[in-house]
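Structure first, commentary second.
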Amino acid sequence: MSAKYIQIPDTDLSLYPLGFGTVRAGGDMSDAVLADCIGCYLDLGGNVIDTARVYTDGRSEEALGRYFTAAKNRDKFVLITKGGHPPMSDLHHSRCSEAEVMSDIETSLKCLKTDCIDIYFYHRDDVKLPVSHFIDLMEKLVKQGKIRYYGCSNWTTARMKEADAYAASIGARGFVANEMFHNLGMKYMKPFPDDTLVLMDDEMYAYHKQNPRCLAIPYFSVCSGFFHRMAANPHDPTLKNSPYYTEGNLKVFERVKELMHKYGASVSQVVLGFYTASEFAEIPLYGPENTESVKDAAGYAGIDFDPQDFIL
């Protein structure tokens with residue numbers, strides 16, 4: 001079964017059902033491995049590359065810029081980057097002023113060696129600022145030709161609805177996508193160390209079900225490798241340090257093993273298969289280690305999972 005691309009309504013964006021995450025690019029992933037992985041992803045039909053100004057202190061964007069310069073294929077991708085992230089030393093310190101966001105986007109354009117970003121995301125929100133501040137700034141950047149569309153990451157549903165209403169009131173398209181914490185192990189996990197991350201709750205689920213114009217793009221799609229590590233060695237004592245290590249997720253792991261057997265699938269394919277049970281389109285982000293992991297993960301889209309498989 002070939003992958004089915006996802007069209008975001010009222011845009012010209014048609015996206016492959018697995019996004020290529022680059023949080024390791026420019027860090028422990030060399031330029032050569034990055035190029036091989038992107039090339040493999042492109043050969044499979046992939047077209048979504050996700051990065052952020054904050055990833056590896058900006059080196060992720062720089063590595064992608066070197067890749068695009070060498071491969072000369074920037075036009076093959078829907079390029080996503082994000083700005084307005086707080087300093088890592090104080091995750092509750094806002095960096096959402098116009099000057100800070102403009103500085104981020106100008107730096108991103110320079111590092112990525114491109115003159116326009118396909119979808120630009122606010123990486124965090126600042127509820128002390130009105131939504132008009134965010135939408136008006138993005139509309140300015142669209143008019144300047146620096147971005148084509150924009151979205152949000154780690155925003156609450158209430159703020160997204162407020163932003164949607166404001167965008168509609170000025171005749172703007174508004175957010176085309178939302179990046180949030182959503183995965184197979186989230187339901188039973190312990191509190192995540194970073195409390196500025198926003199999880200997909202029932203309210204957000206209902207929002208996306210009712211609003212296909214805002215595509216759901218979940219991160220941490222493979223649960224930080226928790227179920228992979230369980231499959232490799234369930235007796236590894238370091239597993240207990242993971243926020244995913246709970247009685248609930250030990251039961252989820254038993255289901256993962258059942259589904260691997262049922263479909264002849266890998267751990268990655270089952271964990272990513274979770275998104276096929278959603279009542280709306282989701283494009284999970286996945287950061288590969290090598291070309292084999294790219295092929296393996298992309299294979300999830302070719303498996304006809306039953307939504308009942310993931311009722312846990």
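Values quoted throughout were computed directly from the atomic coordinates according to the rules given, and no laboratory measurement underlies them. Note that the coordinates shown come from a computational prediction; the quantities given were computed from them, not determined experimentally. As a convention, Cβ positions derive from the backbone with ideal geometry for all residues, glycine included, and neighbour counts pool all protein chains shown.
Quick look at the values:
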{"read-out": "Positions within the range 211-230 being part of a loop (DSSP other than H, G, I, E, B), under 13 Å from the mean Cα position of the chain (by Cα) and on the phi < 0 side of the Ramachandran plot, in sequence order", "value": "S221, V222"}
{"read-out": "Filtered residue count, the range 245-269, keeping only those that are assigned to a helix (DSSP H, G or I), free of Cβ contacts under 8 Å to residues at least 60 places away in the same chain and of a type in the set (A, V, I, L, M)", "value": "4"}
{"read-out": "First in the range 142-165 and in contact (Cβ under 8 Å) with a residue 40 or more places away in the chain, second anywhere and surrounded by fewer than 17 Cβ atoms within 10 Å (Cβ to Cβ) and charged (D, E, K, R), Cβ under 6 Å, 6 or more apart", "value": "T157/E203"}
{"read-out": "Unique match (being closer than 17 Å to G26 by Cβ and among the hydroxyl-bearing types (S, T, Y)) among S97, S89, S108", "value": "S108"}
{"read-out": "All positions within the range 28-52 that are within 14 Å of N73 (Cα to Cα), part of a loop (DSSP other than H, G, I, E, B) and not polar (S, T, N, Q)", "value": "G45, G46"}
{"read-out": "Flag if L34 is closer than 27 Å to F175 by Cβ and either crowded, with 18+ Cβ neighbours inside 10 Å or in contact with a Cys (Cβ under 9 Å, 6 or more places away or on another chain) (or both)", "value": "no"}
{"read-out": "Yes/no for E98 being acidic (D, E), in contact with a helix residue (DSSP H, G or I) (Cβ under 7 Å, 6 or more places away or on another chain) and surrounded by fewer than 18 Cβ atoms within 10 Å (Cβ to Cβ)", "value": "yes"}
{"read-out": "Listing of helices (runs of 4 or more DSSP H) fully contained in the range 114-210 that carry 1 or more residues being within 30 Å of N249 (Cβ to Cβ) and in contact with a helix residue (DSSP H, G or I) (Cβ under 6 Å, 6 or more places away or on another chain)", "value": "157-169, 202-210"}
{"read-out": "Hits in the range 1-27 - residues which are among the small types (G, A, S) and outside any loop (DSSP other than H, G, I, E, B)", "value": "S14, G19, G21, A25"}
{"read-out": "Search result, residues across the range 23-50 that are β-branched (V, I, T) and in contact with a Gly (Cβ under 7 Å, 6 or more places away or on another chain)", "value": "V23, V48"}
{"read-out": "Exclusive hit being without any contact (Cβ under 8 Å) to a residue 60 or more places away in the chain, part of a loop (DSSP other than H, G, I, E, B) and among the basic types (K, R), set R66, R95", "value": "R95"}
{"read-out": "Any hit, the range 206-221, residues being over 17 Å from S153 (Cβ atoms), buried (at least 20 other Cβ atoms within 10 Å of the Cβ) and among the β-branched types (V, I, T)", "value": "no"}
{"read-out": "Selection within the range 69-84 - assigned to a strand (DSSP E or B), under 22 Å from I6 (Cα atoms) and touching a helix residue (DSSP H, G or I) at 6+ places or on another chain (Cβ under 6 Å)", "value": "T81"}
